[in-house]
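A quick write-up on the structure given underneath.
The values are calculated or read from the model by the stated rules, or taken from the named source; none is laboratory data. Since this is a predicted model, take the numbers as computed values, not measurements. All Cβ positions, glycine included, derive from the backbone under ideal geometry; neighbour counts span all protein chains shown. Side chains included, ligands, DNA and RNA excluded: accessible areas come from the protein's heavy atoms. Shrake-Rupley method; radii C 1.70, N 1.55, O 1.52, S 1.80 Å.
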Amino acid sequence: MVVEVHLHTTLQRVEMGRDRRRLLMELPPGSTLGDVLSQLEIKLEPEHLLLVINGRSAEPEQPLSDGDIIHLIPAISGGS
Amino acid sequence: MDPIGGMKIWRVNLSRQSLDIEDVPETWQYLGGRSLLARVLLDEVPPTCEPLGPLNKLVFAPGLLVGHMLSSCDRISVGAKSPLTGGIKESNAGGSTGLHMTNMGMRALILEGQPTQPEWWVVHLSLQGARFDPADDLAGLGVYETARVLLERYGKKVAIALIGPGGEMRLASAGIQNLDKDRVPARINARGGMGAVLGSKGVKAIIFDDASGKKPPITHPDAFKQAQKAYNQALMGHPQIAIYRDYGTAGNARMCDGFGGLPTRNFSSGHFEQVEQISGEYMREILLARGGESEPTHACMLGCTIRCSNIFGGEDGKAIVSPLEYETIGLMGSNLEIASLDTIARMNWQVNDLGLDSIEVGAALGVAAEAGLFAFGDGERALELLDEIRRGTPLGRLLGSGAGMTGKVLGVTRVPVVKNQAMSAYEPRAIKGTGVTYATSPQGADHTAGLTIRAKVDHLDPIGQASLSRTVQINVAGYDSLGACTFAGFGFAAAPESIRDLLNARYDWQVGTDILQVLGREALRLEREFNRQAGFTAADDRLPEFMIHEPLPPHDAVFDVPDEDLDEVFNWL
Ligand code: SF4
């Protein structure tokens, strides 16, 4: 399956050429959001990240489906 | 014991052109900023009065921690009965005004009365007293030119609060501008028409000259230093700070879009196809590439270590506007389908120079586009419409009167306002906790009253949003009472005892760790009471009807937080 990943602010990277903030990832069936994080070697702890799948907040354990749109946003919990 | 270190209330009467310096009444002593001005307004202004008439008063109140160059804590609250909402208003800004006020020993400045003749004045305040200088020669001048003339006239060391042509015309979207640390007049008490109230009193500008003033006293300097250190460490160690330093608030554009909550084409979609071109990430790239006067990282006040602000330079590196913030990008960008940061920056400069709130005017333009006054995406036409405001044409004045009025006159019902004040750049159908804040805040729709987007919740789920909004509304009303920038909240949230310790050290108080919430609850209680006496009811604590039944792409979300939940937000009262 293929998912679309949007990397925000400090997570964007230079080595991907022009399209540094948005990439398509091919993943084996049954992959989770956590697999995306580890494949991208994202060092931030999940509590310092807002994880969003198709517009909804998500947890690393969440399984992914083909065509999912994922946003990885460095941020912290706490309302203000 | 003097619990506030000798600070006073300065009362300027514009009918008599007089200044009285008074002791702070006992019931005002433990309040500051937003909570203090709510107390003053409730005590002294009839809630049913005409906002632009002689009975309304305009209050400037620095927060409780202002004056010590504590990072990001020198903000002021400016408030009055609002000509936009008809209710109480507190509008918050950074810049140098707060620091000058506390150096002069001002706990609050109250402007009252109204001159009988249509004349313009500059009110000059110093430790020698007040002077009222004729200022008819400044009438009609834009904010930037007015500030330049005033700095020449009064010297480069003063702080200035001033209005532009919008405030002179008493437009309900007119704000009050303050100088930043580089003397650029762009730190704005923008919301709710405070500039119109200052204009109604015949005041073009207030000069705060703190010559031979001094920092307010600290009762226990060592304890203060220690608490300051704890706060600084918590702030600097915070991962969020680097993001705001590098990307500023503009980093929110892609975040909101990711949640399907970026207001687009007059709040008809939560996703903007061209979000990349208005993103904070892209802005940083072009500012670094353009160089010259451009600066992706800039502080609005002395001593701020976060520096979330920026200077937006054009292709030639010359500054177009400073700062360019997310709210303006949302309301004048995606909301109008304008995907050019350069165009948005030029519009932002115009609106600043007119002395207007870019959120309110952006929302009014969105409504105007919906009515067919111009095509979404036509930035040049949008700039022409801003010129109508400058020329004071009826159409220009309509737009300057805000989104609510524009919708009424043009027959549009998709109008994103609560209590007649425009929403900021977070779509409440997608970020429902913020929708609860918009609906219930005594301030009208205002993200600064309680933004919930950073909470780890499902923002599309109506359950639990009211209690989330309640917590955040109380906390920010507390921060607004301290004079702390919301971003200072990152540090205080990580070291909550530092608030208690700073206050106890400065004032020799014995407050507990819940002081932030105590102040916040008191501010909200007073504000609700003012509005109640002004005639507001639960029916005013609602979002506009279209948001209840019109599904918002991309999630087809409607605002479905039950009314009962909205009515429970202030359940401790
Ligand atoms: S964080 Fe930004 S808004 Fe807050 S005080 Fe610093 S520069 Fe000003």
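On the stretch given as the stretch B:246-268, residues that are more than 16 Å from the ligand (Cβ to nearest atom) and crowded, with 21+ Cβ neighbours inside 10 Å total 14.
Matching residues to (1) of a type outside the set (A, V, I, L, M, F, W, C); (2) over 24 Å from the mean Cα position of the chain (by Cα):
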residue: B:HIS271; (1), (2): yes, yes
residue: B:GLU276; (1), (2): yes, yes
residue: B:GLU281; (1), (2): yes, yes
residue: B:ALA289; (1), (2): no, yes
residue: B:MET301; (1), (2): no, no
residue: B:ILE306; (1), (2): no, no
residue: B:PHE312; (1), (2): no, no
residue: B:ILE320; (1), (2): no, no
residue: B:PRO323; (1), (2): yes, no
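One residue stands out in the stretch B:245-279 among those that are charged (D, E, K, R) and in contact with a His (Cβ under 7 Å, 6 or more places away or on another chain): the one that is farthest from B:THR413 (Cα to Cα), namely B:ARG254.
Residues of the stretch B:161-182 that are open to solvent by 10 Å² or more (accessible area, probe 1.4 Å) and at pLDDT below 95: B:LYS181, B:ASP182.
So that you can scan it fast, the table gives a plain yes or no per residue for (1) within 16 Å of the ligand (Cβ to nearest atom); (2) touching a His at 6+ places or on another chain (Cβ under 7 Å); (3) not in a helix (DSSP H, G or I):
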| position | (1), (2), (3) |
| --- | --- |
| B:ILE243 | yes, no, no |
| B:GLU281 | no, no, no |
| B:ARG284 | yes, no, no |
| B:LEU302 | yes, no, yes |
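Do we find a residue being open to solvent by less than 40 Å² (accessible area, probe 1.4 Å), in contact with a strand residue (DSSP E or B) (Cβ under 6 Å, 6 or more places away or on another chain) and within 16 Å of the ligand (Cβ to nearest atom) anywhere in the stretch B:223-233? Within the stretch B:223-233, not a single residue is open to solvent by less than 40 Å² (accessible area, probe 1.4 Å), in contact with a strand residue (DSSP E or B) (Cβ under 6 Å, 6 or more places away or on another chain) and within 16 Å of the ligand (Cβ to nearest atom). Checking B:HIS271, B:HIS238 one by one, the residue that is modelled with pLDDT of 90 or more, open to solvent by 10 Å² or more (accessible area, probe 1.4 Å) and within 11 Å of another protein chain (Cβ to nearest Cβ) is B:HIS271 and no other. Here B:HIS298 meets each of (1) away from the ligand (no atom under 12 Å from the Cβ); (2) open to solvent by less than 20 Å² (accessible area, probe 1.4 Å) with one exception, condition (1). For B:ASN189, the criteria (1) within 16 Å of the ligand (Cβ to nearest atom); (2) modelled with pLDDT under 95; (3) not aromatic (Phe, Trp, Tyr) hold in every case but one, which is (2). Exactly one residue among B:ALA253, B:ALA234, B:ALA242 is within 20 Å of the chain's Cα centre (by Cα) and small (Gly, Ala, Ser), and that residue is B:ALA253. Only helices (runs of 4 or more DSSP H) whose full extent lies in the stretch B:457-573 are considered here, and the ones with at least 1 residues that are within 16 Å of the ligand (Cβ to nearest atom) and buried (at least 21 other Cβ atoms within 10 Å of the Cβ) are B:465-482, B:488-494. When the stretch B:187-210 is filtered for residues that are open to solvent by 10 Å² or more (accessible area, probe 1.4 Å) and more than 10 Å from the chain's Cα centre (by Cα), the ones remaining, listed by number, are B:ASP209, B:ASP210.
Sort out which residues of the stretch B:31-71 are at pLDDT 95 or above and open to solvent by 60 Å² or more (accessible area, probe 1.4 Å), and write them in order of number. Within the stretch B:31-71, B:ASP43, B:THR48, B:GLU50, B:PRO54, B:LEU55 qualify.
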